[in-house]
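Here's the structure we're looking at; comments come further down.
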Amino acid sequence: MESLLTHLTALTPSAVYLTLTGILLLCGLGMPIPEDISLISAGYLAYLGLIDVHRGFAVCFAAVLAGDTAAFFMGRWFGQRVLASVLARRHFTPRKQLRVRAYFRKYGSKMVFIARFLPGLRFSIFFSAGMLHVRAAVFFIYDTLAAAISVPALVYLAWYFGERIDKVLQHARRTEHGILILVVIVVAVLLIRSWRRRRKARELQRGPADQGRTE
C-alpha cells in the first residue's frame with residue numbers, strides 16, 4: 001500500500017481519480033491487485049486533503065461496478081473462447097470452475113452478492129454468472145447492493161480514521177470476513193425457509209389425494 005500511496009500523492013486530484021478508476025477496472029477484470037487496498041487508499045488520500053471524499057467514493061463505486069459488469073459480459077460473450085486459452089486455464093482452473101458452478105447450484109443468483117466479499121473468487125464468479133446466462137438485471141441489482149456495503153465502508157472508514165491507517169487495514173479484513181459470514185447465514189436461512197415452504201406445499205397437495213384414495 002505504501003508504494004501505491006507514494007505514487008498517488010504525487011498526482012493531481014484529477015489524475016488520482018483516473019488512476020483509481022484504472023486500478024479498480026483492472027481489479028474487476030481479474031488482475032491480481034487488492035481492491036480493498038485501492039478503496040482504502042482513496043479514503044486515506046481524502047483524509048490527507050488531496051481529494052474530496054465524496055467524489056472519491058463516487059469514482060470508486062462507479063469503477064467497481066464497471067469492472068464487475070465487464071467481467072460479467074466477458075463471460076456472456078466470450079466465455080467459452082476465453083476458457084480455451086492457456087492463460088485463462090491457469091487463472092480459472094477446472095477445479096475452480098467446478099467450485100463456482102457448485103456455488104451457483106447451491107445459492108443461485110444470490111452468489112453474485114456473496115462474491116463481492118470473496119476476493120479470490122470474485123472475477124471467476126462474475127465471469128461464470130455471464131457464462132451461465134444469469135439475467136443482466138439480476139446481476140446488476142445484486143452486485144450494486146453488495147458494492148453499496150463494501151465500497152463506502154472501506155472508503156469512509158479510511159477517511160474517518162486516517163490517522164490510524166494500519167488499524168483500518170486490519171479492521172477492513174475483519175469486517176470483510178464478518179460481512180461474508182453474515183451473508184452466508186442469511187442465505188442459509190432463506191434457503192431453509194424456501195425448502196420448508198415447498199415441503200409444506202407438497203404435504204398439502206398430498207392431503208386431498210390421500211383422502212380421495214381412502215374414500
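Bear in mind these aren't lab numbers, they're just calculated from the coordinates by the rules spelled out. Values in this document were obtained by computation on a predicted structure and should not be read as measured data.
Applying the Karplus relation 6.51 cos²θ - 1.76 cosθ + 1.60 with θ = phi - 60° to the range 149-157 yields 3J(HN,Hα) values of 8, 6, 5, x, 4, 6, 5, 6, 5 Hz, where x marks Gly and Pro.
Using every pair of distinct Cα positions in the range 1-59, the Kirkwood expression returns a hydrodynamic radius of 11.3 angstrom.
Remind me, relative contact order of the range 1-159 in percent, using alpha carbon pairs under 8 angstrom and six or more residues apart? It rounds to 32 percent for the range 1-159.
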